[in-house]
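The values are calculated or read from the model by the stated rules, or taken from the named source; none is laboratory data. Model, not experiment: these values are computed from the prediction. Counting neighbours? That spans all protein chains shown, and the Cβs are built from the backbone with ideal geometry, glycine included. Please note that ligands, DNA and RNA were not included when accessible areas were found on the heavy atoms of the full protein model with its side chains. Shrake-Rupley method; radii C 1.70, N 1.55, O 1.52, S 1.80 Å.
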Amino acid sequence: MITTSTVAPGTRGTGEVLAVIPARGGSKGVPGKNLARVGGVPLVVRAVRAARAAGRISAVVVSTDDPAIAAAATAAGAIAVERPADLAGDTASSESAVLHAVETLYGGHTDELDVIVLVQCTSPFLTPAELDAVVAAVTDEGADTAFTAAPFHGFVWRDADAAAGVNHDAGGRQRRQDRAPEWLETGAAYAMRAAGFAELRRRFFGRTVAVPTDPDRVLEIDEPGDLERARVLAPLLDATTRPGPGEVDAVVLDFDGTQTDDRAWVAADGTERVAVHRGDGMGVAAMRRAGLPVLILSTEVNPVVAARAAKLGVECRHGIPEKGDELAAWLDEQGLAASRVLYLGNDINDLPCFAQVGWPVAVASAHAAVRAAARSVTTVPGGHGAVREIASWILGKDLS
């Protein structure tokens, strides 16, 4: 069940700007798209964070028919509005979702709003500055509508079998660098004067302004390949995201490849020995002194895992075939908000845990798919002080 809140009274009044993020549960091109993670963060949460960080936006709403999306949105600080089934199908427009959200929250009284901003989850690299810019085009520059756009110098053709130039004269066209740029709609954000949108029920009307954005950050996720490209680009385009003091309530650690370098010495009798980093022990001790619960969670059945946990004085659950299910149970037992838990891992079997927590972190030596799914990556490999490194992040201390 999705719980719909109302806009806080303190946000109402002259100059209010409402951001609406349509995020339905169904998607044919990329199933579960709006909860898919880029840079370790669900797409809907990335959109909410960008909108909440924009200085000109007063309140952020997510319109959805999916309780899981609503839960992620509210945890990120948005208001969730339950979208009815007739507005959640493949043919439903984004405008219909925005109109429904405004009607739900304001009862149709759009005089309480100056600007409505439509924000799309499918543009993962949208920035707060770009959102502020489209709002400013309406509030400060007299536009009725504004949208994010990237400069475009490409030569467009129509009809492959009898190709004809669309935006150029093929018989005597200018050099690319001599042409004024055209503007490619990015699909990321649209700002609309609220009264005009309520009357005309469309995102473009009156004087429309294209707000320039960085073309290197433009990417819309419509197909599975787009999602993979976004995950590859995230480490390059996202600001460094590491948890700071007060942002993590508990830490869960994988063992092999995370607290070790993934090697093992096997004796003739079949017993195994592994090497660990003493600095990791210091990091765990510091987190325990700070009152943070620490759990070692591993599929490994080797008793060395339990022995290491006992030495560190932390809880251990090992020999676990389904780590994601075990983590969910532990979080419930501890009464922890998953969004404030850090999980440190290195391999494919850690991905179900990554999908649950707010801080999925990979060691530098992790599998490529794990690094791509992580929100942060340590600077050192597993077994070389990665646990100590994350302790220094979340405690704000120099443990080197």
task = Could you grab the pairs with beta carbons closer than 7 Å, sequence gap of 6+ or different chains, first residue in region 355-382 and at negative phi and open to solvent by less than 40 Å² (accessible area, probe 1.4 Å), second one basic (Lys, Arg) and part of a strand (DSSP E or B)?
result = ALA373/ARG37
message = Taking the criterion of being touching a Lys or Arg at 6+ places or on another chain (Cβ under 7 Å) and in a strand (DSSP E or B), would at least one residue in region 265-273 satisfy it?
response = yes
ask   = Between a first residue in region 187-204 that is part of a strand (DSSP E or B) and a second residue that is of a type in the set (Asp, Glu) and open to solvent by 10 Å² or more (accessible area, probe 1.4 Å), which pairs have beta carbons less than 6 Å apart while being 6 or more apart in sequence or on different chains?
value = GLY187/GLU220; ARG193/ASP144
ask   = Could you give every pair whose Cβ atoms fall below 9 Å, whose first residue belongs to region 225-243 and is open to solvent by 100 Å² or more (accessible area, probe 1.4 Å), and whose second residue is assigned to a loop (DSSP other than H, G, I, E, B), counting only separations of at least 6 or pairs across chains?
value = ARG229/LEU219; ARG229/ILE221; ARG242/ARG375
request  = Hand me the list of helices (runs of 4 or more DSSP H) wholly inside region 320-400 holding 1 or more residues that are within 14 Å of VAL294 (Cβ to Cβ).
outcome  = 323-334, 386-395
Residues of region 137-160 satisfying the condition of being touching a Lys or Arg at 6+ places or on another chain (Cβ under 8 Å), open to solvent by less than 10 Å² (accessible area, probe 1.4 Å) and farther than 15 Å from LEU18 by Cα = ALA143
query = Yes or no: ASP280 within 31 Å of the chain's Cα centre (by Cα) and open to solvent by 10 Å² or more (accessible area, probe 1.4 Å)?
reply = no
remark   = Note on LEU18: of the conditions (1) modelled with pLDDT under 50; (2) buried (at least 19 other Cβ atoms within 10 Å of the Cβ), unmet is (1)
